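Engineer: Sharing a structure here in structure tokens format.
The values are calculated or read from the model by the stated rules, or taken from the named source; none is laboratory data. This structure is a prediction, so every number in the text was calculated from the model and none was measured. Note that we place each Cβ from the backbone using ideal geometry, even for glycine, and neighbour counts take in every protein chain shown.
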Amino acid sequence: SSSSYLLYINVLLLVLIHSSIQTKYLDDAITNVTKRLTELEVLLSESKKKIPSAYRHNTQVVDKIHKAYPRNYRKINDFKICYTRLQTNLNPIKLYEAMKSFEEEIRKDYAVFPEKVFEKIVKFSEELKELSDKSQSNAKNISCVKPENINSEDVTNLENSIKNYQSALVDFNIFNLKKQYYSNLKKKLENLVKNHSEE
């Protein structure tokens with residue numbers, strides 16, 4: 001009958017409209033992710049440049065303190081090694097915290113899409129959590145003895161130069177991981193478009 005034919009046409013139109021809206025959503029999301037990836041490339045490049053200068057500054061501070069206190073060379077060196085180890089163990093904790101909040105941000109921004117597009121990102125976060133927990137228990141067991149007979153300001157400068165270098169490494173890793181998260185999301189969204197067009 002003509003009414004059932006009209007109903008069929010209306011349903012078909014609704015399916016097509018829904019399909020085109022979904023495709024539009026996907027296209028916009030892919031454009032948005034691509035834009036964010038381009039912005040991240042710039043941040044990643046800037047962050048990479050900061051690592052050598054932070055390393056040089058750390059080396060200069062260490063050399064300066066060694067020259068100022070030649071008799072305490074060994075104690076200063078032991079403290080430097082210990083404090084570097086402590087900061088290195090704090091890095092995965094900072095990395096996990098930053099990436100966990102980034103994962104939540106991504107999931108909120110792209111909440112209209114199915115859960116499967118976030119599968120790899122969630123897996124990344126779980127792996128970072130394991131690393132963070134391990135580092136946390138390691139850090140608890142590290143206690144560094146500050147060298148005696150040394151100006152406290154010099155010790156603070158040494159601590160800060162180590163922290164700054166480690167922070168530069170963490171920042172670079174954060175931008176690098178954000179890039180991986182977005183690249184993975186883009187791939188998943190492109191697969192949705194592909195699957196959509198094949199339906």
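Engineer: Are any of the residues in region 117-140 over 21 Å from Y83 (Cβ atoms) and among the hydroxyl-bearing types (S, T, Y)?
Structural biologist: Scanning region 117-140 turns up at least one residue that is over 21 Å from Y83 (Cβ atoms) and among the hydroxyl-bearing types (S, T, Y).
Engineer: Further question: List, please: which pairs have Cβ atoms under 7 Å, are six or more places apart or on different chains, and start with a residue in region 53-73 that is in contact (Cβ under 8 Å) with a residue 40 or more places away in the chain and end with one that is of a type in the set (G, A, S)?
Structural biologist: Between residues of region 53-73 that are in contact (Cβ under 8 Å) with a residue 40 or more places away in the chain and residues that are of a type in the set (G, A, S), the close pairs are A54/A168; H57/S161; N58/S161; V61/S161.
Engineer: Taking region 156-192, which residues are β-branched (V, I, T) and without any contact (Cβ under 8 Å) to a residue 12 or more places away in the chain?
Structural biologist: Scanning region 156-192 gives a single hit, T156.
Engineer: Continuing with this model, one more query. Here is a list: L44, L26, L37. Which entry is hydrophobic (A, V, I, L, M, F, W, C), surrounded by 12 or more Cβ atoms within 10 Å (Cβ to Cβ), modelled with pLDDT under 90 and within 34 Å of the chain's Cα centre (by Cα)?
Structural biologist: One residue alone meets the criteria, L26.
Engineer: So, one more: K50: basic (K, R), part of a helix (DSSP H, G or I) and touching a residue at least 12 places away in the same chain (Cβ under 8 Å), yes or no?
Structural biologist: Yes.
Engineer: Sticking with this structure for a sec: On the given criteria, is Y83 aromatic (F, W, Y) and either at pLDDT 90 or above or in contact with a helix residue (DSSP H, G or I) (Cβ under 8 Å, 6 or more places away or on another chain) (or both)?
Structural biologist: yes
Engineer: Restricting to region 96-149, name every residue that is exposed (fewer than 11 other Cβ atoms within 10 Å of the Cβ) and in a loop (DSSP other than H, G, I, E, B).
Structural biologist: Of everything in region 96-149, those that are exposed (fewer than 11 other Cβ atoms within 10 Å of the Cβ) and in a loop (DSSP other than H, G, I, E, B) turn out to be A111, V112, P114, N141, S143, V145, E148, N149.
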